[in-house]
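Q: Next up is a structure, given as structure tokens.
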Amino acid sequence: MTTIATAPGALPLIGHAARLLRPWSLLRSLPSVGGLVELRLGRVPVYVVCDPKLVHEMLVHDDVFDRGGEVFDQVRTIMGDGLITCAHAKHRRNRRLVQPVFSRSRMSHYGRVMAEHSAEVISSWNDGQILDVRAAMHTIIRRLSIAALFSSGVSPEQFKQLQDDVGVFAAGWLRRLITPAPLRRIAGGLAWDRAAGRVHTAIDDSITRARHAGCPVSENEMDVPAVLLGARDTDGGRFTIDQVHDELVSMFLAAVESSSTVLSWTLDQLSHHPEVQRRAAEEVDRVLKGRTPAWEDVERLPYITSVIHESMRMNPPTWLLTRVTARDTTLGGYPLPAGTTLAYSAYQLGRDPKSFPDPDRFTPDRWAGEAPPRGAFVPWGGGPRLCIGNTFSIAETVIVLAQIMQAWRLQPTRRRFATARVSMLHIPKSIRVRLHARQADHD
Ligand code: HEM
């Protein structure tokens with residue numbers, strides 16, 4: 001039987017833990033070792049699937065390669081048991097019940113909310129200003145996520161408070177997970193506890209409002225809590241109130257950090273690629289002719305969409321995800337006993353020159369050609385657990401970026417590209433760009 005190769009550089013007792021302090025170069029070195037490579041975290045082996053064909057096979061067979069393991073047990077203490085964390089046994093039913101939130105018929109409504117809320121922020125910027133990109137993208141995405149996911153019946157003051165709280169909650173939950181309990185009070189833990197408590201209360205209030213409200217708007221414009229409460233499975237089964245709560249928490253945490261991170265990396269790349277910016281601006285001017293973008297415009301903006309795809313290939317927010325085998329199985333001919341932890345990295349796969357020639361070059365035009373091999377481009381995962389918000393997130397990032405390109409030209413403030421800090425998400429350390437009003441370019 002074939003044996004699985006081990007990545008070089010393991011140390012006694014700690015295994016590859018020291019090398020994981022610089023995970024990006026370690027991950028990129030793995031395909032030269034094999035399609036399935038053993039890393040050791042201390043004594044615990046984790047098998048990283050580097051071959052796109054095997055990644056695809058693993059993602060498609062989610063009954064065998066299930067969610068689970070210690071990381072998800074920890075994440076569940078914060079997110080509850082929503083779609084992101086639940087195991088295969090609950091997943092299919094829950095996914096069917098969440099699906100109406102992302103139905104095609106609701107997308108025009110989301111598109112309007114996305115455009116309106118991002119425009120308010122983007123139009124508040126000033127010519128010549130140096131923009132803290134990450135903070136600005138976080139503000140935009142949490143505003144439009146709150147507005148799209150539940151805003152009816154919320155006063156402007158509550159909306160503002162919720163924005164601040166979702167910001168603290170979403171930006172701090174990963175830190176919360178890894179901070180030992182005795183240190184939480186000093187490491188910003190109290191502020192996080194208070195913000196998280198208010199987010200939970202706001203979610204409960206939104207559910208209560210949805211239960212008692214009539215139906216003031218069309219079904220396609222209903223708040224998400226109302227959609228989740230009203231969803232019925234084929235056998236008539238539905239979510240409990242607690243399950244609706246958990247799904248809403250999952251959506252906020254999944255939505256805010258990932259989309260704002262994608263936009264941040266994208267603006268960094270654009271600021272360093274004036275020619276790409278020029279073509280993006282040319283496309284929005286030609287297609288939109290100065291009007292506000294809508295959901296229906298997303299497919300009319302292929303170049304902007306390619307810019308987002310290219311940015312997500314190079315810098316996917318979720319850089320490492322795990323699966324645990326639910327029973328004895330094989331992958332690519334390698335035997336794997338039940339309980340084996342596997343991982344795949346959208347970062348490693350997106351930077352593999354076999355799938356993407358010249359992988360460190362930001363080349364949106366590569367998306368105009370042939371699609372990459374299956375399993376090679378997986379920033380939203382794949383198979384039955386593909387990100388349920390993927391169409392939503394493409395629409396929001398395209399709509400936000402189109403509006404930025406309509407109004408602003410971006411100039412880098414540093415010669416080098418942003419680098420990532422090591423955390424559970426692949427987040428840039430700091431990005432600042434100087435804004436130039438495009439109107440001024442035409443004067
Ligand atoms: C560009 C932005 C986004 C990225 C890169 C992203 C990425 C991902 C990834 C990698 C997964 C897990 C795949 C796996 O386990 O293998 C996932 C799952 C999920 N995402 Fe997203 N996501 C984004 C935006 C969103 C948004 C906007 C929402 C909701 C409004 C959302 C909701 C979810 C949910 C509920 C799941 C769990 C799906 C399931 O297991 O059935 N995501 N996402």
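Q: Mean residue ellipticity at 222 nm from the helices of the chain, using -39,500 (n - 2.57) per DSSP H segment of n ≥ 4 over the full residue count, to the nearest 500 deg cm²/dmol? Don't jump to the answer; show the numbers that get you there.
A: Values: 15 runs with 211 residues, N = 443.
Here the helix-only value at 222 nm equals -15500 deg cm²/dmol.
Q: Here's another thing I want to ask about it. In Å and from the alpha-carbon atoms only, list the Rg and Dmax of segment 101-192.
A: Cα-based Rg and Dmax for segment 101-192 come out at 16.1, 48 Å.
Q: Now, a different point. Run the simple label-point estimate for Asp193 and Ile241 please: 7 Å along Cα→C-beta, distance reported in nm.
A: Between Asp193 and Ile241, the label points sit 2.5 nm apart.
Q: Okay, next question. With helices defined as uninterrupted DSSP H runs, which ones in the chain have an alpha carbon span along their own long axis of at least 27 Å and mean Kyte-Doolittle hydropathy of at least 0.0?
A: 241-272
Q: Follow-up question, since we're still on this one. Could you work out how far the C-alpha centroid of segment 31-70 sits from that of segment 71-86, in angstrom?
A: Using only Cα atoms, the two centres lie 20 Å from each other.
Q: With N residues in segment 181-329, what two-decimal value do you get for its Cα radius of gyration over 2.2 N^0.38 Å? Walk me through the numbers before you get to the answer.
A: Details: Rg = 21.1 Å, N = 149, 2.2 N^0.38 = 14.7 Å.
Against the compact-globule rule of thumb, the ratio is 1.44.
Q: Give the separation of the Cα centroids, segment 210-289 to segment 393-440, in Å.
A: 20 Å
Q: Just need the relative contact order of segment 24-105 here, percent rounded to a whole number, with Cα pairs under 8 Å and 6+ apart.
A: In percent, rounded to a whole number, it is 16.
Q: Let me ask something additional. Mind checking the full-extension length gain between Thr330 and Gln158? Use 0.36 nm per residue of separation minus the Cα-Cα distance, one decimal, nm.
A: Answer, rounded to one decimal: 56.7 nm.
Q: Report the full-extension gain for the segment Ala213 to Arg416: residue separation times 0.36 nm, less the Cα-Cα distance, to one decimal in nm.
A: Working it through step by step, the gained length comes to 67.8 nm.
Q: For Tyr344, Tyr334, Tyr47, which order do you get if you count the other beta carbons within 10 Å of each Cβ and list the fewest first? Show your work: numbers first, answer last.
A: Working: Tyr344 28, Tyr334 19, Tyr47 23.
By the 10 Å Cβ count, ascending, the order reads Tyr334, Tyr47, Tyr344.
Q: If you place +1 on the Cβ of every Lys and Arg, -1 on the Cβ of every Asp and Glu, and leave all else neutral, what size is the dipole of segment 14-138 about its Cα centre, to the nearest 20 Debye?
A: 300 debye
Q: Then there is this: Using all Cα-Cα distances in segment 265-387, what percent lands in each 5 angstrom bin from 0 up to the longest?
A: Calculated P(r), rounded to whole percents: 2, 9, 16, 18, 17, 13, 9, 6, 4, 3, 2, 0.
Q: Looking at the chain, what % of its DSSP beta bridges pair antiparallel, to the nearest 5?
A: 85 percent
Q: What ranking, highest mean first, results for peptides 315-323, 91-99, 139-147 when packing means the other Cβ atoms within 10 Å averaged over each residue?
A: Values: 315-323: 22.2, 91-99: 16.8, 139-147: 24.6.
Result, highest mean first: 139-147, 315-323, 91-99.
Q: What is the order of Phe252, Phe169, fewest Cβ neighbours within 10 Å to most?
A: In increasing order of surrounding Cβ atoms, one gets Phe252, Phe169.
Q: Using only the alpha-carbon atoms, what does the chain span along each of its principal axes? Please give whole angstrom values in decreasing order.
A: In descending order, the Cα extents are 66, 53, 46 Å.
Quick note: the coordinates plus some simple rules give every number you see, no bench work behind them. Every value quoted in this text rests on a predicted model; they were computed, and no experiment measured them. Neighbour counts are summed over all protein chains in view; Cβ atoms, including those assigned to glycine, are modelled from backbone coordinates with ideal geometry.
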